[in-house]
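Notes follow the structure.
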Amino acid sequence: MATEEFQVAVHQAKLSDAISVVQAKPLQYFSDRPLNIAVVGEPGSGKSSFVNSMIGKRAGEPGAAETGIQTTTVKAKDYQHPTLPQVILWDLPGREDSAFASRIEQVDLNRFDFFIIVGYQRFRTVHTDLVHEIRAMGKRFYFVRAKIDLDLEASQRRQPSGCDEKKVLQRIKDDCVMGLLNESVIDPQVFLVSNWDSQSFDFPLLWEKLRSDLLQLKKQAFVFSLPSLSTPVLERKTDAVKKKIPLIVLYCALLALLPVPGFSFVAAMFFFVRFRSQCYREFGLDDPPLTALARDIGKPVASLHAVMKSRSLMPLILWRLPDLVGAVLILVEYCWWNRYPYAGSLVSGVISVFTSYYMLQGCLAAVAKDTQNVLSKALEKMSV
Ligand SMILES: Nc1nc2c(ncn2[C@@H]2O[C@H](COP(=O)(O)OP(=O)(O)OP(=O)(O)O)[C@@H](O)[C@H]2O)c(=O)[nH]1
Ligand SMILES: [Mg+2]
C-alpha cells in the first residue's frame, strides 16, 4: 500500500522516497481511493437539487437531498454516487445567509477534495470568496450555473417572437467565465445546467469532464491526505528526539553559571544550532537529502527552505530575552557591588534551565511541522 510505503519513508527520513511512492504509481492505482466532492454556493442556488440530479434521484424520493424555496440545508450531508466508485457528494448549507447563521453549520472546506460551486443568476462576491478559499487550499473546482431553464423562460417571455437560445446561453456562460478569469482562474470549467434535466444543456459535458478527470482528482485527493498521514510518524520521531533535550538543557545551564555576561546566550545559541542540525538529520531536512528532494521535484531548494519556519533564528532570540536579567545582575555585581557575581551566575543558570528547555522543545516542534510543510510543498506539483 502506498500509504504504508509513504509512512515508512518518512520514518526513515527519506523524503525523496516518500514522494516517489506517489510519483511512481500509475493513475489507475488511485481508482479505489475516495473522492469527497463538496457542492457549495449561495443559499437557494440549487445545490441540493444538483446533488439529486447527480445521484439520479428526484426531490422527495427516499435517499434524495431535501430541497425547498426557503433555506433548507442546514447541515452538510453526504450522498454516495451510485455509479462512480468511491465518489461522495456533499450537499452543503448555503453561504452568505447571516439571518440563519446560527442554524446553519459552518463547514470547514478543508476536509473536501474537490468542489462544485453551484451558482444562480450573476457571478457574485459569494462565488469570488469561494474561489479564493478553494484556491488557497490548492484545490480545484467546477463552476455550475444552475436554473438555466428559468433564464430561457424569462428570455422567451421578453421576446415572444423568438429568442436566440444559443446567444442567451453564451452570454450567461461568458459572464461566469469572465468572473472566474478576473480571479485569475486558469482554464475555468463552467457548466450551464437545469437540475430538472440531467441530459440537457451542459450536463452531458459535465459528466464527461468529471469522468475524464476522476482518476487525476482521486490522485490529487490522496496526495492532499499524505501530509496528515505523516503526523503519527512525525509524532513518534519527535518523542524519540525529545529524550535528548534534558542533557542539552543541563549543558546550557552549567555554561550559564560562568560569570560572564551574555555567555548564557552564546552557549544557548551554539547548542540550539547544533540541536537543530541534529533534528534536520533525524527528519530528513538536512542539506544533501533536501537538495536531492528539490532536484526530484524540479524545484529550487530555496522554495523548500522558504516553507521551513525553523530556519529563522528570531524565535531563539525571543526565547533568550530572559537571559538579560542574569547578564545585568552579573554586571551590577561586578561594577557596582565589586564582588564575584554569585547571584547573577545562579540566576543565569536557573533562567537557562527554563529558556533552554522551551527553546529546544519549540525547535523540535517547528522541525516536525516543517517536515510536513516540505512534504506539502513537494507534493504540490503532483496535485495540480
Ligand atoms: N427551475 C429550476 N428550479 C430549480 C433548479 N434547481 C433548483 N431549483 C429550485 O430552487 C429552489 C432551491 O433549490 P435547492 O436545491 O433546495 O437549493 P439549495 O441551494 O440546496 O438551497 P439551500 O440548501 O437552502 O441553500 C427549489 O425550489 C428548487 O426546486 C433548476 O435547475 N431549475
Ligand atoms: Mg440545499
- Message: All but one of (1) surrounded by fewer than 19 Cβ atoms within 10 Å (Cβ to Cβ); (2) within 18 Å of S345 (Cβ to Cβ) hold for R274; state the number of the condition that does not hold.
- Response: (2)
- Message: Consider region 287-324. How many of its residues are under 30 Å from S352 (Cα atoms) and of a type in the set (S, T, Y)?
- Response: 2
- Task: Count, please, the residues in region 1-43 that happen to be among the hydrophobic types (A, V, I, L, M, F, W, C) and over 21 Å from the mean Cα position of the chain (by Cα).
- Result: 6
- Item | Matching entry among L364, L324, L375 (being in a helix (DSSP H, G or I), among the hydrophobic types (A, V, I, L, M, F, W, C) and open to solvent by 80 Å² or more (accessible area, probe 1.4 Å)) | L324
- Message: Yes or no: region 363-378 includes at least one residue that is closer than 21 Å to L255 by Cα and in contact (Cβ under 8 Å) with a residue 40 or more places away in the chain.
- Response: yes
- Task: Would you kindly identify the strands (runs of 3 or more DSSP E) lying entirely within region 6-120 that contain at least 2 residues that are away from ligand 2 (no atom under 16 Å from the Cβ), open to solvent by 50 Å² or more (accessible area, probe 1.4 Å) and basic (K, R)?
- Result: none
- So how many residues does region 189-209 have that are under 25 Å from F30 (Cβ atoms) and touching a helix residue (DSSP H, G or I) at 6+ places or on another chain (Cβ under 8 Å)? 2
- Query: Picking from M314, M359, which residue would you name as being surrounded by 14 or more Cβ atoms within 10 Å (Cβ to Cβ) and either under 30 Å from K377 (Cβ atoms) or aliphatic (A, V, I, L, M) (or both)?
  - Reply: M359
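Looking at V325, V332, V307, V353, which one is of a type in the set (V, I, T), touching a residue at least 12 places away in the same chain (Cβ under 8 Å), under 25 Å from L234 (Cβ atoms) and not assigned by TED's automatic domain parsing to the domain that holds F222?
The unique qualifying residue is V307.
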- Message: Please go through region 197-227 and give me each residue that is part of a helix (DSSP H, G or I), surrounded by fewer than 18 Cβ atoms within 10 Å (Cβ to Cβ) and touching a residue at least 40 places away in the same chain (Cβ under 8 Å), ordered by number.
- Response: K209, R211, L215, Q216
- Inter-residue pairs, beta-carbon under 9 Å, first closer than 17 Å to A136 by Cα and in region 174-196, second in a loop (DSSP other than H, G, I, E, B) and among the hydrophobic types (A, V, I, L, M, F, W, C), 6+ apart: L180/F123; N182/F123
- Message: Please go through region 173-190 and give me each residue that is surrounded by fewer than 13 Cβ atoms within 10 Å (Cβ to Cβ) and among the small types (G, A, S), ordered by number.
- Response: S184
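The values are calculated or read from the model by the stated rules, or taken from the named source; none is laboratory data. Keep in mind that this is a model prediction, so the values were computed, not measured. Cβ: placed from backbone, ideal geometry, glycine included. Neighbour counts: every protein chain shown. All accessible areas refer to the heavy atoms of the entire protein, side chains included, with ligands and DNA or RNA removed. Shrake-Rupley method; radii C 1.70, N 1.55, O 1.52, S 1.80 Å.
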